[in-house]
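Undergrad: Following this message is one structure expressed as structure tokens.
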Amino acid sequence: MIDDQAESLAGLHDVPVAVEIELPLAGIVVARVHGELDFLTTPAVLRTLREQADHATHLVVDVGEVEFMGSSALAMLVALHDADPAVLHLAGVLNRKVRRPLEITGLLGLFNTFDTAEDAIAALSTS
Amino acid sequence: MIQAAGGRDLPRRRDNVQTLDGSSDPQVPFGPALETDEARSAEALRLAAVARYDILDTPPDGAFDRVAALAARWMDTPIATVTIVDEDRIWFKAAHGLDGVTQVSRESGLCSSAIQQAEPYMVADALTDARTTANSLVHGGAGVRFYAAAPITTSDGHRLGTVNVLDMQPRDVAESDLSVLSDLAAIVMDELELRLSALHLVRAERALRDQSERAKAELERFASTLQRTLLPPALPEIPGLELACHYYPTSVRLVGGDFYDVFPIPGGRWAFFLGDVCGHGAEAAALTSLARYTLRAAAWHDPDPVSVLTELNAALLAQPRDGRGMVTVMAGVLSPEPDGGFHITLASGGHEPALWLRPDRNGGTAVTEVWPQGGMIIGAVHDAAFAVREIHLAADEALLLYTDGLTEFPESGSGFRDDDLSRFLAELGHRHPRTLVAELVEKLSTFDPPPADDVALLAFGPVRTDAME
């Protein structure tokens, strides 16, 4: 559950996380996160997502394949939300591994959420 | 030829100075040159220089032996030595053609005179030379007739000792041969300088290593001291309630972000909280401190758990953005009830649900989550909402508060995941807070891999009056 401090450790860690970037429509970036979001892996993911958010009207972070969401990952989502609440959308929130921490921390209601990335794209393209 | 008084194994102590000719030698600490204050202070500086090179009483060394051998060969003398002039002795770093001699007294040695001058010193025939006619080496059994020496001079002008050649025959040598002796003395000086800088390097390295080890120990002491200040020294005694707690830190240095406290508030009630700061290290420690003291102060001001969490939320969001962090907290108030139970008001700030252990109909334990749903993590948003649950904790029941380090283990390991904790508690066969915490801690120590995050545990339950006695 480290955030900034662990950044230097991330290089030593066999990082079990991946982010796939898709650009389904102009202005919409879908970032599919796979693996474990802990204090070691989150800083690198946050950097990637921040870069994408800078060039997107909508950033859909698909957490449907996330296997672990630690408090540093929650802090990451809050930071992205703080930067611009209109840009960040969460997809894949039915994933139990994500839903439970989001519910316990009361953060689920903070984000604009969709069951799947496709739902998000459909909703955002017509808005 | 020349014999040492005591052979090879003579102790190299100043109080056991030998003579070259086997005669006993009265100790004369200083020669005539040291009769003035000026001379004495110059000698003190010279001795300090000798000490600086830390060469006295060191074992034989090939480099110096070769210089002595070279001097003997070049000058064609049976004996050549490299000597250092100490306070009351002349110590031989190298001795070619002398067997087993390690030192002689300053009085009997010839190089006491040789270090008085910067140029090479030569006695062509010691029997007739006024400078040496009184010397015991010349008139004793040694029978030295020829002696030449060049001083070993430091860059700041101190003459530490000499490179010497000796013969039993009188002779004369050319100026150029004497300058060879000076060159050899300069080589000895270079060797001493090299040796000294290597010595300094080793010492500096050792000092650095010692320093870094001290700094490391200091840091760990500091961290564990800080850690202790973040935890209550002991839980209070609450009449009719058994309380137990445990803190499992994953690392001494990564001062953790878990905390808890139980303390009295006005009206015969007790406030408690248990929380988890997102992060580790110094920043998390600072945040832990802020959270702990804000919660304590807020509970005194208004013990209602929702207003306590609201105040902490405001305090965290008032922090400068770069020092901001999030905290999950379970906070509550305990009020004793006439029936021996306790009324508990529990509010969650995005924290793991508490676990309520109650007897079930079959004589076992039922474990339910007490989850004031909707309580938000603290420090995330300004208008955070906090929910409350109220329960009556009856005798023979217990409530466990914990941080998520207890339940977040990788799929592949043996740690708790999902409902494992509830199942473990249900299968314990009792609901005694102290035993329950002890058994959890025991279980925790068997997990492979061990917990990746700190674990804080706080458990309490009403005790029957008869059980208290």
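Undergrad: Condition first: part of a loop (DSSP other than H, G, I, E, B), more than 14 Å from chain A (Cβ to nearest Cβ) and of a type in the set (Gly, Ala, Ser). Can you find one or more residues in the stretch B:366-374 that meet it?
TA: Taking the stretch B:366-374 as the starting set, the residues that turn out to be part of a loop (DSSP other than H, G, I, E, B) are B:371-374.
With the extra rule that they be more than 14 Å from chain A (Cβ to nearest Cβ), the set shrinks to none.
Within the stretch B:366-374 (the criterion being part of a loop (DSSP other than H, G, I, E, B), more than 14 Å from chain A (Cβ to nearest Cβ) and of a type in the set (Gly, Ala, Ser)), the answer is no, since none of the residues qualifies.
Undergrad: Please state which one of B:397, B:408, B:390 is of a type in the set (D, E, K, R) and within 14 Å of chain A (Cβ to nearest Cβ).
TA: Working: B:397 fails: within 14 Å of chain A (Cβ to nearest Cβ); B:390 fails: within 14 Å of chain A (Cβ to nearest Cβ).
That would be B:408, the only listed residue that is of a type in the set (D, E, K, R) and within 14 Å of chain A (Cβ to nearest Cβ).
Undergrad: For the stretch B:420-448, how many residues are within 37 Å of the chain's Cα centre (by Cα), aliphatic (A, V, I, L, M) and open to solvent by less than 40 Å² (accessible area, probe 1.4 Å)? Working first, answer last.
TA: First, pick out the residues of the stretch B:420-448 that are within 37 Å of the chain's Cα centre (by Cα): B:437-448.
Next, only the ones that are aliphatic (A, V, I, L, M) stay: B:437-438, B:440-441, B:444.
Subset that is open to solvent by less than 40 Å² (accessible area, probe 1.4 Å): B:437, B:440-441, B:444.
Of the residues in the stretch B:420-448, 4 are within 37 Å of the chain's Cα centre (by Cα), aliphatic (A, V, I, L, M) and open to solvent by less than 40 Å² (accessible area, probe 1.4 Å).
Undergrad: In the stretch A:45-60, what count of residues is obtained for those that are within 12 Å of the chain's Cα centre (by Cα) and without any contact (Cβ under 8 Å) to a residue 40 or more places away in the chain?
TA: Total satisfying the criteria: 9.
Undergrad: On to the next question. If you go through the stretch B:121-132, how many residues are in a loop (DSSP other than H, G, I, E, B) and open to solvent by less than 50 Å² (accessible area, probe 1.4 Å)? Before the answer, list the steps.
TA: Residues of the stretch B:121-132 that are in a loop (DSSP other than H, G, I, E, B), as a first pass: B:124-132.
Checking the rest, the ones that are also open to solvent by less than 50 Å² (accessible area, probe 1.4 Å) come to B:124-126, B:129, B:132.
Residues that pass the stated criteria total 5.
Undergrad: Hey, among B:357, B:346, which residue is among the aliphatic types (A, V, I, L, M), more than 8 Å from every other protein chain (Cβ to nearest Cβ), assigned to a strand (DSSP E or B) and closer than 25 Å to residue B:291 by Cβ? Write out each step before concluding.
TA: Details: B:357 fails: closer than 25 Å to residue B:291 by Cβ.
On inspection, the qualifying residue turns out to be B:346.
Undergrad: Among the listed residues B:395, B:380, which satisfies the condition of being assigned to a loop (DSSP other than H, G, I, E, B), buried (at least 22 other Cβ atoms within 10 Å of the Cβ) and among the aliphatic types (A, V, I, L, M)?
TA: B:380
Undergrad: Looking at (1) free of Cβ contacts under 8 Å to residues at least 40 places away in the same chain; (2) open to solvent by 50 Å² or more (accessible area, probe 1.4 Å); (3) more than 12 Å from chain B (Cβ to nearest Cβ); (4) aliphatic (A, V, I, L, M), which is the one condition that is false for residue A:25?
TA: Of the numbered conditions (1) free of Cβ contacts under 8 Å to residues at least 40 places away in the same chain; (2) open to solvent by 50 Å² or more (accessible area, probe 1.4 Å); (3) more than 12 Å from chain B (Cβ to nearest Cβ); (4) aliphatic (A, V, I, L, M), the odd one out for residue A:25 is (1).
Undergrad: Quick check on my filter: what residues within the stretch B:272-310 are farther than 13 Å from residue B:329 by Cα, buried (at least 16 other Cβ atoms within 10 Å of the Cβ), modelled with pLDDT of 90 or more and among the hydrophobic types (A, V, I, L, M, F, W, C)?
TA: The answer is B:298, B:299.
Undergrad: Would you check which residues across the stretch B:132-174 are charged (D, E, K, R) and either within 58 Å of the chain's Cα centre (by Cα) or at pLDDT 95 or above (or both) and list them?
TA: So the first thing to find is which residues in the stretch B:132-174 are charged (D, E, K, R), and the list is B:145, B:156, B:159, B:167, B:171-172.
Scanning the stretch B:132-174 gives B:156, B:159, B:167.
Undergrad: Additional query: Quick check, is residue B:340 part of a loop (DSSP other than H, G, I, E, B), in contact (Cβ under 8 Å) with a residue 60 or more places away in the chain and away from chain A (no Cβ under 14 Å)?
TA: Spelling it out, residue B:340 is indeed part of a loop (DSSP other than H, G, I, E, B), in contact (Cβ under 8 Å) with a residue 60 or more places away in the chain and away from chain A (no Cβ under 14 Å).
Undergrad: Additional query: For the subset of the stretch B:65-96 comprising residues that are assigned to a loop (DSSP other than H, G, I, E, B) and open to solvent by less than 40 Å² (accessible area, probe 1.4 Å), which member is farthest from residue B:164 (Cα to Cα)?
TA: The selected residue is B:88.
Undergrad: Across the stretch B:102-128, what is the total count of residues that are β-branched (Val, Ile, Thr) and within 44 Å of the chain's Cα centre (by Cα)?
TA: 1
The values are calculated or read from the model by the stated rules, or taken from the named source; none is laboratory data. Bear in mind the structure is a predicted one, so any value in this text is a computation, not a measurement. Reconstructed Cβ throughout: ideal geometry from the backbone, glycine too, with neighbour counts over all protein chains shown. These area figures cover heavy atoms from the full protein model, side chains too; ligands, DNA and RNA do not enter into them. Shrake-Rupley method; radii C 1.70, N 1.55, O 1.52, S 1.80 Å.
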